[in-house]
Amino acid sequence: MHLSTLPGRVCSPLNVPSSERPAIMDAVKEVQVGAVPVARLAPLLEEGRAEVLADQAQLTSSVLAGRTVWNVSSTSRGGGVAEMLQTMLAYGRGAGVDTRWLVIDGTPAFFATTKRLHNLLHGSAGDGGSLGHAERTVYVEVLARALEELRAVVRSGESVSAVTVALESSMYQSQKSSQKK
């Protein structure tokens, strides 16, 4: 297979029939991502690697046919996650995989908490604010609202990569460790 023969996929918003979609989604918002042809990478690859990429892209597209790969984060701007997702999802869509990006719409306290988590995971004190019970409560409440909406759009068999949600476990473990001291 050659990279230029891969089908780009045009996907409707949220990839679910409008009759099954929530009328208003307040806790999460979809970031629109275009499709970028994977063939654009061919000149950057070593000889023979473009064909391997094309074969893998076609295989992935056929395995995931009819399914969506959902990516959930707390922001669509700045930072490494947002920059990577914009590019990676565009190439995924260009390869025929229905990749989607949802951003959690949280409160200022939620975003302060996610920023603290981010900084601590990278070894920085950040703003020096705490990650105690109040912060965990805000964090979990926002995620619970987002989860409710995600359940309305994510279908059985689909994949969800939730960068922010994964951090909740780390925050909880940190809180438990500090309580033992």
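The values are calculated or read from the model by the stated rules, or taken from the named source; none is laboratory data. It should be emphasised that the depicted structure is a prediction, and the values quoted were computed from it without experimental measurement. Ideal geometry is used to build each Cβ from the backbone, glycine not excepted, and the neighbour counts take in all protein chains shown.
Filter the range 23-42 for residues that are more than 18 Å from the chain's Cα centre (by Cα) and at pLDDT 50 or above and give the result. Spell out how you get there, then give the answer.
At the first step, the residues of the range 23-42 found to be more than 18 Å from the chain's Cα centre (by Cα) are 23-24, 37-42.
Result: ILE24, PRO37, VAL38, ALA39, ARG40, LEU41, ALA42.
With the structure loaded, tell me whether VAL81 is at pLDDT below 85 and in contact with a strand residue (DSSP E or B) (Cβ under 7 Å, 6 or more places away or on another chain) or whether it fails that test. Full working, then the answer.
Details: at pLDDT below 85: yes; in contact with a strand residue (DSSP E or B) (Cβ under 7 Å, 6 or more places away or on another chain): yes.
The answer is yes for VAL81.
I'd like to check something: does the range 117-132 contain any residue that is buried (at least 16 other Cβ atoms within 10 Å of the Cβ) and closer than 30 Å to ALA50 by Cα?
Taking the range 117-132 first, the residues buried (at least 16 other Cβ atoms within 10 Å of the Cβ) are 117-118, 120, 131.
Remaining after also requiring closer than 30 Å to ALA50 by Cα: none.
No, because not a single residue in the range 117-132 is buried (at least 16 other Cβ atoms within 10 Å of the Cβ) and closer than 30 Å to ALA50 by Cα.
Which residue pairs have Cβ atoms closer than 6 Å, lie 6 or more positions apart in sequence or on different chains, and pair a first residue in the range 116-138 that is without any contact (Cβ under 8 Å) to a residue 24 or more places away in the chain with a second residue that is among the small types (Gly, Ala, Ser) and in a helix (DSSP H, G or I)?
Partner pairs satisfying both residue conditions: none exist.
When you check LEU59 against the structure, is it modelled with pLDDT of 90 or more, surrounded by fewer than 16 Cβ atoms within 10 Å (Cβ to Cβ) and either among the acidic types (Asp, Glu) or over 18 Å from the mean Cα position of the chain (by Cα) (or both), yes or no? Reasoning before the result, please.
Numbers: modelled with pLDDT of 90 or more: yes; surrounded by fewer than 16 Cβ atoms within 10 Å (Cβ to Cβ): yes; either among the acidic types (Asp, Glu) or over 18 Å from the mean Cα position of the chain (by Cα) (or both): yes.
Taking the combined requirement at face value, the residue satisfies it.
Only one of (1) within 25 Å of GLY157 (Cβ to Cβ); (2) touching an Asp or Glu at 6+ places or on another chain (Cβ under 7 Å) is not met by ASP105, so which one is it?
Just one mismatch for ASP105, condition (1).
Which condition from (1) more than 12 Å from the chain's Cα centre (by Cα); (2) modelled with pLDDT under 90; (3) surrounded by 13 or more Cβ atoms within 10 Å (Cβ to Cβ); (4) among the hydroxyl-bearing types (Ser, Thr, Tyr) is the one that THR68 breaks?
(1)
Among the residues of the range 45-103, which ones are free of Cβ contacts under 8 Å to residues at least 12 places away in the same chain, closer than 26 Å to VAL142 by Cα and charged (D, E, K, R)?
ARG77, GLU83
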